[in-house]
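The values are calculated or read from the model by the stated rules, or taken from the named source; none is laboratory data. Quick caveat: nothing in here was measured; it's all calculated off a predicted structure. Using ideal geometry, Cβ is built from the backbone for each residue, glycine included, and neighbour counts are taken over all protein chains shown. Heads up: the accessible areas ignore ligands, DNA and RNA and are worked out on the full protein's heavy atoms, side chains in. Shrake-Rupley method; radii C 1.70, N 1.55, O 1.52, S 1.80 Å.
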Amino acid sequence: MAGIGFALKKLSSQDNLASRSLAGGHAIMIASGPWIVIMIGLAMLHILGRPLLDPTDLKVFSILVIYSFALSLVITSPISLDATLRVSRILFLRRFEEVHGIYLAAVFITTLLSLIGGTVVFFMLIRLPLGLGLAAIICVVQVSHLWLAMSFVAAIKQYGTVTSAFALGLSCSIIFGTSAAALGNGPGGMLIGFSIGLCISFCILNFLILKTFPGPLTALRDLPAKLRKIRPASGTFIAAGICSALAVWIDKIIVWQSSEGTAVADGLIYSARYDSPMFMAYLSIVPVMSILVVWLETTFFNNYRHYRDIVHSGGTLRQIDEQRASLAQNAVDTVFSAFLIQLTISVSLAVMAPLLADLLGLPYDAISVLRLALVGAAFHFLFQASCGVILFVQYGKAYLWLQVLFLALNAAGTAIMLSNPDYLGLGYVLASIASGTLAYAAMRRALGTLNRLTFVVNNPAITG
């Protein structure tokens, strides 16, 4: 994401509210663009679709969007991490012409895996009707394309166009989705309409990427041979990507398969008492996360680049360590301060949980889950923020083990706490507290041993 930092720095450094708000708004799109579009679009279509579809069909649409979102995240996380690692190395070596080929290969692999994964889930496991299953697969492909594009868009400075692309896509999703429902096409038609809006956003982002990183197109007859030559840039990061995506969804999958799950038409399962509170809690961390993204892409990036410049220019050990210490202290203070702000916001929202539940139409027994989810989300924010710094300095093994840890704790905690309905959501809270605390400690350790990471662990001359 280093490229986008220059644009964010220019906005955030200007001493006026409008520029700082633009920087924060653009950071939200870079950090959570697909998430924001899907959640807002889903909420709007759910409201506008009430007079157009019966409650069961509307619930089928909502569940399929959630399933598509979860599946696409699992598919694209390892691909995006691998592509980002490749692109960062290429940009550092100033071989810009190679980005084009990496992007197209990533799009092809993402599309193929999305089609295969969607077919397995929606036709072989859930056994949806043909039309509804095809609509769900199309949605998976479009969401996957958006997630992948975001990992490349972060290197483009056209922040206004990126944000506008999501705004246009969101508007089109709502228009086409409601139109399809009004014409009597049911949940499948609404899902296709929703996917059209996502496709429009992707087409704009795709155009920006190909325009920024032009290159020759590979002939179809040469494509299989080139794809066979592709090897993962880092197996560690690919495994970490899969685990990070699964960790976010494993608790929902376990709850869906328990007595808390409710089956609707076509074998789809959801949990009214768990799903909505969790998604609301995730949305509560977006504003502070956007502030952290601005910091990560501006201040931290500049400090880290200055550290690397000192290393590559042959600076003395004292100069290198002074810059490392300054960078580390700034990172530790910023992440912890952001966590305290998020924790204050989460606790305040937890106190207002009955009012929020009433506004959002949540059942009364979901209030306790909402409170737990909000507190857990604050520590989940600490986990994500700390892991973001660890990922920035490319401490792959630590990043992988932290994702495995959160996955295991979230799964085990959720399964154990299901024995008592009053404890629903407590497993996520305990997993987030433990993982967030350990991730923060791991971040401090990584920054404390940054010289070793630079000269030994990430040194190609040593690692090969």
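Figures for the structure shown
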quantity: Output for segment 402-417, where each listed residue is surrounded by fewer than 20 Cβ atoms within 10 Å (Cβ to Cβ) and in contact (Cβ under 8 Å) with a residue 40 or more places away in the chain; calculated: 404, 411, 415
quantity: Which numbered condition residue 308 fails, given (1) modelled with pLDDT under 90; (2) assigned to a helix (DSSP H, G or I); (3) under 26 Å from the mean Cα position of the chain (by Cα); (4) farther than 21 Å from residue 432 by Cβ; calculated: (3)
quantity: Selection within segment 415-452 - out of contact with any helix residue (DSSP H, G or I) (no Cβ under 6 Å at 6 or more places or on another chain), over 24 Å from residue 331 (Cα atoms) and part of a loop (DSSP other than H, G, I, E, B); calculated: 418, 419, 420
quantity: Every pair of residues 6+ apart whose Cβ atoms lie under 7 Å, when the first sits in segment 336-356 and is at negative phi while the second is open to solvent by less than 50 Å² (accessible area, probe 1.4 Å) and among the hydroxyl-bearing types (Ser, Thr, Tyr); calculated: 345/284; 346/284; 349/284
quantity: Close pairs from segment 54-79: first at negative phi, partner among the basic types (Lys, Arg), Cβ under 7 Å, at least 6 apart; calculated: 58/50
quantity: Odd one out for residue 397, checked against (1) touching a residue at least 24 places away in the same chain (Cβ under 8 Å); (2) farther than 28 Å from residue 151 by Cα; (3) not hydrophobic (A, V, I, L, M, F, W, C); calculated: (2)
quantity: Residue count, segment 173-188 (criterion: open to solvent by 20 Å² or more (accessible area, probe 1.4 Å), without any contact (Cβ under 8 Å) to a residue 60 or more places away in the chain and part of a helix (DSSP H, G or I)); calculated: 3
quantity: Looking only at segment 317-341, and only at residues there that are of a type outside the set (A, V, I, L, M) and touching a Ser or Thr at 6+ places or on another chain (Cβ under 8 Å), the one that is nearest to residue 278 (Cα to Cα); calculated: 334
quantity: Test: residue 357 is more than 24 Å from residue 388 (Cα to Cα) and surrounded by 14 or more Cβ atoms within 10 Å (Cβ to Cβ); calculated: yes
quantity: Residue that is open to solvent by 40 Å² or more (accessible area, probe 1.4 Å), modelled with pLDDT under 90 and over 26 Å from the mean Cα position of the chain (by Cα), where the choices are 364, 395; calculated: 364
quantity: Subset of segment 311-336 that is open to solvent by less than 60 Å² (accessible area, probe 1.4 Å), in a helix (DSSP H, G or I) and not hydrophobic (A, V, I, L, M, F, W, C) - its residue that is farthest from residue 382 (Cα to Cα); calculated: 323
quantity: Qualifying positions in segment 89-135 - modelled with pLDDT under 85 and surrounded by fewer than 16 Cβ atoms within 10 Å (Cβ to Cβ); calculated: 89, 92, 93, 94, 95, 96, 97
